[in-house]
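See structure below.
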Amino acid sequence: MTEKTAHMSLNQLESTLNEYFAKKAPPLPSKAKETLVQLAPWLVIIGIVLSVPAVLALFGFGAFMSAVPFGAMAMAGAAPMYLLSIAFLVASMALQGMAIQGLFARSYKAWRLLFIAALVNGVYQLLTGNISGLIIGWLIGFYILFQVKEYYK
């Protein structure tokens with residue numbers, strides 16, 4: 001898939017989700033939207049800070065398992081999922097971290113980074129078989145994201 005095709009697909013997905021989560025869904029009150037937009041950069045910062053121990057724990061668990069007798073054998077079966085967890089968590093944190101400055105400025109580019117981070121998290125939930133987490137997370141996350149989208153220019 002070329003970069004142009006990926007960009008067009010992302011735009012089409014965004015447009016479709018906007019139709020359902022911003023236009024057809026019941027709107028949040030304006031005051032609630034404004035509060036969410038004001039709190040968004042701080043909530044992202046808190047989320048990243050709380051995620052750092054999870055990343056460190058994943059790295060520590062991997063190091064521990066490789067050092068423990070029979071740990072390497074136990075890790076061999078879990079290695080793909082372990083590496084997938086680290087990759088998706090770090091990717092999501094990076095996207096959110098890149099959005100912080102723009103969230104303070106209410107930039108559409110920052111909103112788009114949070115949208116992509118939500119997609120990354122959803123793909124991870126799908127790959128790990130957490131379908132209930134995927135559905136609930138995407139429904140709530142996309143609803144909030146698309147309700148406040150108009151505040152980001």
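The values are calculated or read from the model by the stated rules, or taken from the named source; none is laboratory data. This is a predicted model, so every value here is computed, not measured. With ideal geometry, Cβ positions are generated from the backbone for all residues, glycine too; neighbour counts draw on all protein chains shown.
Numbers below:
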read-out	value
Matching residues in the range 75-101 - criterion: being free of Cβ contacts under 8 Å to residues at least 24 places away in the same chain and surrounded by 15 or more Cβ atoms within 10 Å (Cβ to Cβ)	75, 98
Condition check for residue 105: closer than 13 Å to residue 14 by Cα and either among the β-branched types (Val, Ile, Thr) or out of contact with any Ser or Thr (no Cβ under 8 Å at 6 or more places or on another chain) (or both)	no
Top-ranked residue in the range 26-45 [being assigned to a helix (DSSP H, G or I), of a type outside the set (Lys, Arg) and without any contact (Cβ under 8 Å) to a residue 24 or more places away in the chain; ranked as nearest to residue 150 (Cα to Cα)]	30
Filter result for the condition that a residue is modelled with pLDDT of 95 or more and either touching a strand residue (DSSP E or B) at 6+ places or on another chain (Cβ under 9 Å) or of a type in the set (D, E, K, R) (or both), over 4, 24	24
Positions within the range 124-134 being among the β-branched types (Val, Ile, Thr) and exposed (fewer than 14 other Cβ atoms within 10 Å of the Cβ), in sequence order	131
Close pairs (6 angstrom Cβ cut-off, 6 or more residues apart or separate chains): on the phi < 0 side of the Ramachandran plot in the range 121-132, in a helix (DSSP H, G or I) anywhere	121/92; 122/134; 122/138; 124/88; 125/133; 125/134; 126/134
Residue under evaluation residue 50, criteria (1) of a type in the set (A, V, I, L, M, F, W, C); (2) farther than 21 Å from residue 136 by Cβ; (3) loosely packed, with under 13 Cβ neighbours inside 10 Å; (4) at pLDDT below 95, criterion not met	(2)
Which listed residue, of 77, 97, 129, 122, is outside any helix (DSSP H, G or I) and either at pLDDT 95 or above or farther than 26 Å from residue 29 by Cβ (or both)	129
